[in-house]
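First up is the structure itself, then whatever we jot down about it.
Computed from the coordinates by the stated procedures, all read-outs in this text should not be read as laboratory data. None of the values given here were measured: they were computed from a predicted structure. Quick reminder, even Gly has a Cβ in these numbers, built from the backbone with ideal geometry, and neighbours come from all protein chains shown.
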Amino acid sequence: MAYEQFYHAIKVDESLCYGCTHCMYVCPTGAIRIRNGKASIRKEWCVDCGECKKSCPVDAFYIEQDDFDKIYDFKYRVALVPAVMIGQFPSNISESEIFSVMRELGFTHVFQTEHTVDVINDAMLLQARMAEDKPLISSFCPAVVRLIQVKFPSLTDQIIRVMSPVDASAIFFRKKLQDAGIPDEEIGIFYVTPCAAKIAGIKSQVSDRKSPLNGVINMDFLYNKVYHGIKNRAGRSSRSPGENLPNLGPKHISWSLTNGEAPYMKGRCLAIDEIHNVIDFLERVESEEITDVDFLELRACDESCAGGVLVVGNRFLTVERLRKRAALFKDIHGIPEDLEPYHDYLMNRLTIPTPEPRSMLVLDEDRAVAIRKMQQVRKLMCYLPGIDCAACGAPNCESLARDIVQKEAQLSSCIFIQRTMEKHKKLHGDHAIRIIEKTWGKDRLDKDCTKLGAKDEGT
Amino acid sequence: MGAMEFRYEVEGGNFSKAGHASSAVKKILKQLNVDARIIKRVVVALYEGEVNVVAHAHKGHILVNINEDEIGISIIDQGPGIPDIDLAMQEGFSTASAAVREMGFGAGMGLPNMKKNTDNFEIESQVGVGTTVRMTTRLS
Ligand SMILES: Nc1ncnc2c1ncn2[C@@H]1O[C@H](COP(=O)(O)OP(=O)(O)OP(=O)(O)O)[C@@H](O)[C@H]1O
Ligand code: SF4
Ligand SMILES: [Mg+2]
């Protein structure tokens, strides 16, 4: 395919993966196959939503991150922190404690990403006023943007072309430091990310549009470091409170939660979270069954970013804490003082290009060939049993049929077809075992009492 | 190279299932690398046709024929039929019941939209027997 491949941040640790079907079943784009007893992810189909990682019984998925020491490549080290980070700490731990520990860990500045929300909201409203196709879709969640690119390519035009608060905050903070006389190469801006999609979004930006960020730090990693830091100095008097940071108001605190954006857009606005719900709704939008909605806030995670794959805290508790905080700071509105002079500077830089459609569904670029392939798939489906058991290493019978047609699997990968072939003496029993081993790994059918749930589990 | 045939059943009165044929066809056309705008037109026309069977007839079925160049769709129903087709084709004409309007249908735009979104549109109807709509759209 002509498209540049997606970078994706979710990886399989082959030493941990023992080859089961959980991830393959939950993957919303059907991007996972089992080969040689390990999960393998199809790069161009993966949208980095993190469902696989959430479903893995042995935690074999990991999310690539930059080495923490990379921050020391820079003299000025800025951490961009989203509100959900704060929401994970018990409420007796204050924001300033968290931020001061972050400074002790090596950051020279901490900035909360949602401070730029009001500017972003203005830009979104402006685009919404001029839009022809409805509903407009928020560009906030990078996993949703990718989902639309691969699965709903006809809707890419409806994605609002305004960058996320993180990128806007990075642009602002860099400019602010530059204006203070700091050379660009001394400024390192790092985002503390709740999700893999954001990492992938940063790394796969096309080369002529350099990311305003220098790196990403996984939220679970930093959370552990910060929590550890707070615990260890508890009781000690030598606190370094650092400069007091401006507080976020209720709109900003809630922005990354479900129904964070929708109340601030015009017309009929809906907020939908969890990727399967999002897919379901987009199917209807694409069929034009839904035409009288103006704006869609779509988030890949259940409970939006509070349910991000790198968020350690329970998502419902995180939401509860943030909502309480929002109520506490109900009188805070608008952007912080230091951001005000940069409002127009930012406004002029918030627009991003329409994401390119990259359909994963096309059987072949050539329609005649595509039709032939579809006919083959339908014919194969006459023979496959329709059990969708995934024992072939594909998530369901139809995926196997497509894989066969695309020459990535064989009909004999289906264990039921194997039985039939054995019965008709077309396949030797030993050969059948070899086929299974090719999918599920060598010696997979041997007795093993150390596997999960078995007699000597874990030994 | 041959053509592909697909068949879908439509149940009168069941609005929750209206749209299943059009989303299935949408899925097929996406796999065949058909331009998104053309898919949209086909899907809109088919969806309106499905809804008409659900809203106005007792039951029906849809036959879809796809080859390299075009998609042909026949929507065949058993139902009351349409006494005056020219009138039914007018924008805004509707006999939809209050209950149907309640659900957001009944603007009298379905048939005109089907005609507008297809390259070829034919409708036949026999009162007391049923209605057949045939539409074709070129795929490139
Ligand atoms: N399959 C059918 N069987 C019987 N009558 C039909 C059928 N399709 C359309 N009609 C008649 O033609 C009229 C106009 O149809 P059309 O689809 O344009 O509008 P509608 O269905 O009333 O409203 P809308 O499609 O805008 O929701 C209908 O109100 C109905 O009286
Ligand atoms: S909902 Fe938030 S955490 Fe989840 S993928 Fe989208 S942006 Fe990332
Ligand atoms: Mg109608």
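Summary table
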| item | result |
| --- | --- |
| Cα centroid separation, the stretch A:78-150 to the stretch B:1-64 (Å) | 41 Å |
| Between 0 and 90°, nearest 10: helix A:219-233 axis offset from chain A longest Cα axis | 50 degrees |
| Helix-only mean residue ellipticity at 222 nm for the protein assembly as shown, each DSSP H run of n ≥ 4 adding -39500 (n - 2.57), per residue, nearest 500 | -10500 deg cm²/dmol |
| Relative contact order computed over chain A (Cα-Cα under 8 Å; 6+ residues apart), in percent | 21 percent |
| Theoretical FRET efficiency, 1/(1+(r/R0)^6), r = Cβ-Cβ of residue A:337 and residue A:133, R0 45 Å, to 0.05 | 0.75 |
| Computed label-point distance, nm, for sites residue A:21 and residue A:447 using a 7 Å Cα→Cβ extension | 2.6 nm |
| Shape call, the stretch A:10-63: gyration tensor on alpha carbons, a/c limit 1.5 | rounded |
| Approximate spin-label separation residue A:387-residue A:179, in nm, with each point projected 7 Å along Cα-to-Cβ | 6.7 nm |
| Cα gyration tensor, the protein assembly as shown - rounded (a/c under 1.5), prolate or oblate | oblate |
| Degrees separating the helix A:117-130 axis from the principal Cα axis of chain A, which is the longest one | 60 degrees |
| Shielding score for B:14-20, defined as the mean number of other chain Cβ atoms within 10 Å | 1 |
| Using θ = phi - 60° and Karplus 6.51 cos²θ - 1.76 cosθ + 1.60, couplings along the stretch B:47-63 (whole Hz; Gly, Pro as x) | 4, 4, x, 4, 4, 4, 5, 4, 7, 10, 10, 8, 6, x, 9, 10, 10 |
| With Cα atoms, 0 to 90° folded angle of helix A:95-104 axis to chain A main axis | 80 degrees |
| The stretch A:10-63, relative contact order [Cα under 8 Å, separation at least 6], % | 47 percent |
| Relative contact order for the stretch A:319-459, counting Cα pairs under 8 Å that sit 6 or more residues apart, in percent | 11 percent |
| For A:328, A:363, order by how many other beta-carbon atoms lie within 10 Å, fewest first | A:328, A:363 |
| Net charge of Cβ neighbours under 13 Å - reference residue A:437; Lys, Arg +1; Asp, Glu -1 | +3 |
| Shielding score for B:22-35, defined as the mean number of other chain Cβ atoms within 10 Å | 5 |
| Label-point separation, residue A:64 to residue A:365 (7 Å along Cα→Cβ), nm | 2.6 nm |
| C-alpha center-to-center spacing [the stretch A:395-426, the stretch A:34-61] in angstrom | 22 Å |
| Packing-based ranking, highest mean first, of B:6-18, A:405-417, A:310-322 given that Cβ atoms within 10 Å are counted | A:310-322, A:405-417, B:6-18 |
| Zone residues, the stretch A:80-99, relative to residue A:247, backbone N less than 12 Å from point 7 Å out along Cα-to-Cβ | A:95-96 |
| Rounded to whole Hz, the Karplus (6.51, -1.76, 1.60) HN-Hα couplings of the stretch A:329-334, x for glycine and proline | 9, 4, 8, 8, 9, x |
| Shape category assigned to the stretch A:275-350 from the gyration tensor of Cα positions, a/c cut at 1.5 | oblate |
| Percent of beta bridges antiparallel (DSSP, chain A, rounded to nearest 5) | 30 percent |
| At R0 = 56 Å, FRET efficiency that the Cβ-Cβ distance of residue B:107 and residue A:43 yields, to 0.05 | 0.80 |
| Centre separation in Å (Cα based) which lies between the stretch A:242-311 and the stretch A:359-373 | 34 Å |
| Cross-link partners of residue A:379 among lysines (Cα-Cα below 21 Å; sequence separation of 8 or more within a chain) | A:407, A:426, B:26, B:27, B:30 |
| For residue B:70, distant residues with modelled amide H under 5 Å away | B:139 |
| Number of partner chain Cβ atoms within 10 Å, mean per residue of A:372-379 | 2 |
| Estimated FRET transfer efficiency (residue B:11, residue B:129; beta-carbon r; R0 22 Å; 0.05) | 0.75 |
